[in-house]
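**Student:** The structure follows.
Nothing in this text is a laboratory measurement; each read-out follows from the coordinates by a stated rule. Owing to the predicted nature of the structure, the values given are computational and were not obtained by experimental measurement. Glycine also receives a Cβ, built like all others from the backbone with ideal geometry; neighbour counts cover every protein chain displayed.
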Amino acid sequence: MSRQALNSTGEAPSACDVVIVGAGFSGLYLLHRMRGLGLTARVFEAGAGVGGTWYWNRYPGARVDIESQEYSYSFSEELQDEWRWTERYAAQPELLDYLNHVADRFDLRRDIAFETRVVSAVFDEATAQWQVSTDRGEVVSARFCVMATGCLSAPNEPTFPGLESFRGPTYHTGRWPHEPVDFSGKRVGIIGTGSSAIQSMTEIAGQAGHLYVFQRTPNYSVPAHNGPIDPAVVADWKVNGATYRQAARLSAAGIAAIKPTEQLALDASEEERRAVYEDRWAQGGFAVGAAFADISIDPAANATAAAFVADKIRGIVKDPQVAELLIPRDYPFGTKRLCVDTGYYEIFNRPNVTLVDVASAPIEAITPTGLRTAAGEFEVDALIFAIGFDAMTGALGRIDIRGRGGLALKEKWADGPRTYLGLMSAGFPNLFMVTGPGSPSVLSNMIVSIEQHVDWITDCIEHLNGRQLAVMEATAEAEDAWVAHVNEVADTTLYPQASSWYLGANIPGKPRVFMPYVGGVGPYREKCDEVASRGYEGFALSSVAGD
Ligand SMILES: Cc1cc2nc3c(=O)[nH]c(=O)nc-3n(C[C@H](O)[C@H](O)[C@H](O)COP(=O)(O)OP(=O)(O)OC[C@H]3O[C@@H](n4cnc5c(N)ncnc54)[C@H](O)[C@@H]3O)c2cc1C
């Protein structure tokens, strides 16, 4: 029996071939590709515009930490030719302009419903259709449903006691207001020291009357060396761009600018090591993290990188006590997302910036006038929560997704996400995820990973349509084997040693499972291509609805 839901108007659902949830980098490219297959697609987006991450994260200092020309679509030569980045690392307004340009250039808006949140997606086994419901009361029936909902799009909400009593304005970096916020002369408190915190406080320190940085866990940060884009780089990309793009696709992290190395830190002399680290530090960005091949797998090698960065911090921050507080000690270097900054450690030399250690004296409550820690009261006029996201599974968990037999994805994933290739989950036919758990995702240049997933999904749907196959589903065996492989690879590295958001450690009660695939973008792509070339091995394909 079909369990067809009705629209709030009582009408039967409208139908299309594909429903896409989210209009960030993933959703926009998917829509373009689905149209290319001649399919009808509808996109639902909770925000009032396109852009996803770059629509929501408007905090001061928000910028990409991969060089602009690499953090952009590669699918259209014309798009690449006509778009000019102004900075080495583009800031949020420019990234949002870019995505708006893409939406206009490929005429994408007419199929996107904005300010519309998908609340449920239910698979009807009788018809093999997904019934997708929105918070506006609309129900759409579609053969395929693709979750392009983002890995870092569900903000971690603050739950400090007394929060509602605070009299001043509060901000979440992941939901920043659209109009500029003026902190001139204000006492500002910022909670968190991850990437968004580091980027925003570096800007805000120059404006605020006083900035209190409430730090529980220090983060490693490396300099971006940002600036206007070098015309020589632009010219080089005109000639060699295709080669760089291909190198990125085959690389470990999806970044062509990071040169791979076989050299081991422990094989190098102290002097050689320092020279390599200095060279990578001077390059800027993630280069330091990949300076030697054993940094992420060998604790002794990792310690050499950690010591190098610790020395840099001591060299920049004048107050030795503050410097020591800023040096991470509880986890290996690079096992929490490395931050890329523009003068972060330098702000602690300013007289208007105070670092407050809330590891030794935890936050007890937010008060009407500020914040109380075990060490005392801090009066502030505004509070910023830079406390990150319910990463990788958060946006999916906020949708009531039900597969075969009414099984809820949330229930299936109660002990941690389970997918095959990070693309599909057994029991949820014709439901795809873009950069889902079990794929390189947040450990990579996301645009490379997004394009790879969207291309793979497009090829897959074309394959099904060409053979009159109605349904595709990951098998439980393939999924079990993939989950085991993902864990096995993670366990060969130091990553699981950090209490990071990669493991869900920032969200109380979230199961601790290392979610992204550490095996590298290039090897992962190879596996996905192999699976496809073997007729989608590990997936059950069937021509009959309900099979
Ligand atoms: C501050 C910040 C900086 C980052 N910097 C980098 C970087 O330097 N390099 C890098 O590779 N990656 C970076 N990332 C990761 C970034 O998320 C990806 O690079 C990329 O933008 C993801 O695109 P997406 O379309 O997959 O997801 P998103 O851009 O997150 O878009 C998902 C969209 O889905 C919508 N959505 C979710 N659930 C629903 C629902 N139920 N109904 C309707 N709509 C829904 C959301 O509103 C959102 O607009 C950063 C992330 C953040 C938060």
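**Student:** Which trypsin sites (Lys or Arg not before Pro) from the stretch 227-325 combine a DSSP loop assignment with at most 13 other Cβ atoms within 10 Å?
**Tutor:** Values: sites: Lys238, Arg245, Arg249, Arg273, Arg274, Arg280, Lys312, Arg314, Lys318; in loops: Lys318.
For trypsin sites (Lys or Arg not before Pro) across the stretch 227-325 that sit outside H, G, I, E and B with at most 13 neighbouring Cβ atoms in 10 Å, the list reads Lys318.
**Student:** Moving to a separate point now. Can you spot the lysines whose alpha carbon is less than 26 Å from Lys410's alpha carbon? Ignore those fewer than 8 places along the same chain.
**Tutor:** In chain and number order, the partners are Lys336, Lys510.
**Student:** At 7 Å along Cα-to-Cβ for each site, give me the label-to-label distance between Ile316 and Ala408 in nm.
**Tutor:** About 4.4 nm, to one decimal.
**Student:** Still on this structure, I have one more. If one computes the Cα centroid of the stretch 302-361 and of the stretch 417-444, what distance in Å separates the two points?
**Tutor:** Centre-to-centre (Cα) distance: 35 Å.
**Student:** What list of whole percents do you get for P(r) of the stretch 211-336, with Cα-Cα distances grouped in 10 Å bins up to the one holding the largest distance?
**Tutor:** The distribution over the stretch 211-336 is 11, 36, 32, 17, 3, given as percents.
**Student:** Right, here's the next one. I need the calculated FRET efficiency for the pair Ala126 and Asp81, taking r as the beta carbon distance and R₀ as 35 Å, to the nearest 0.05.
**Tutor:** Numbers: r = 49 Å, r/R0 = 1.39.
The calculated FRET efficiency here is 0.10.
**Student:** By how many degrees, between 0 and 90 and to the nearest 10, does the Cα long axis of helix 195-204 differ from the longest principal axis of the chain?
**Tutor:** Tilt relative to the chain: about 50 degrees.
**Student:** Excluding residues on the same chain fewer than 8 positions from Lys318, give the aspartates and glutamates whose Cα lies under 16 Å from its Cα.
**Tutor:** Straight-distance partners of Lys318: Glu346.
**Student:** Could you work out how much longer the chain between Asp400 and Thr243 gets when fully extended? Use 0.36 nm per residue separation minus the Cα distance between them, nm to one decimal.
**Tutor:** Gain on extension, Asp400 to Thr243, equals 52.3 nm.
**Student:** Further question on the same structure: In whole percent, what relative contact order does the stretch 1-65 give with Cα contacts below 8 Å and a gap of six or more residues?
**Tutor:** Relative CO of the stretch 1-65 lands at 29 percent.
**Student:** Residue separation times 0.36 nm, minus the C-alpha to C-alpha distance between Ser543 and Ser14: what's the value?
**Tutor:** 188.1 nm
**Student:** Continuing with the same structure: Which whole-number percentage describes the relative contact order of the stretch 1-112, with Cα contacts under 8 Å and a sequence gap of 6 or more?
**Tutor:** About 26 percent, as a whole number.
**Student:** Turning to a different aspect of this structure: Given a Förster distance of 60 Å, report the FRET efficiency between Arg105 and Arg512 from their Cβ-Cβ distance, rounded to the nearest 0.05. Don't skip to the answer; put the middle values down first.
**Tutor:** Details: r = 43 Å, r/R0 = 0.71.
FRET efficiency, Arg105 to Arg512: 0.90.
**Student:** Here is a follow-up. Take the Cα atoms of the stretch 409-517, find their three principal axes, and give me the spread along each one in whole Å, biggest first.
**Tutor:** Computed over the stretch 409-517, the largest-to-smallest principal extents equal 46, 30, 24 Å.
**Student:** Which angle between 0 and 90 degrees, to the nearest 10, do you get for helix 446-466 versus the longest principal axis of the chain when only C-alpha atoms count?
**Tutor:** Approximately 10 degrees, to the nearest ten.
**Student:** Only loop residues by DSSP count here, and only those with at most 13 other Cβ atoms within 10 Å; note down the trypsin sites (Lys or Arg not before Pro) in the stretch 1-67 that meet that. Display every interim value, and only then the final one.
**Tutor:** Numbers: sites: Arg3, Arg33, Arg35, Arg42, Arg58, Arg63; in loops: Arg3, Arg58.
The qualifying sites are Arg3.
**Student:** Taking GluC sites (Glu not before Pro) as exposed when DSSP calls them loop (any state but H, G, I, E, B) and at most 14 other Cβ atoms lie within 10 Å, what is the longest stretch of the chain free of them, the sites themselves excluded?
**Tutor:** The reported range is 263-536.
**Student:** Just want to confirm a number: the relative contact order over the chain, from Cα pairs under 8 angstrom separated by 6+ residues, in percent.
**Tutor:** So the answer I get is 19 percent.
**Student:** Please give the net charge around Arg175, taking every other residue with its beta carbon less than 10 angstrom from that of Arg175, where Lys and Arg add +1 and Asp and Glu add -1.
**Tutor:** 0
**Student:** Quote to one decimal, in nm, the extra length available between Ala374 and Asp330 on full extension: 0.36 nm per residue of separation minus the C-alpha distance between them.
**Tutor:** Contour length minus Cα-Cα distance gives 13.7 nm.
**Student:** Another question, if that's okay. Applying 1/(1 + (r/R0)^6) with R0 = 56 Å to the Cβ-Cβ distance of Asp491 and Asn7, what FRET efficiency is obtained, to the nearest 0.05?
**Tutor:** Working from the Cβ atoms, E equals 0.70.
**Student:** Another question, then. By DSSP, what percent of the beta bridges with both residues in the chain are antiparallel, rounded to the nearest 5?
**Tutor:** DSSP beta bridges in the chain are roughly 40 percent antiparallel.
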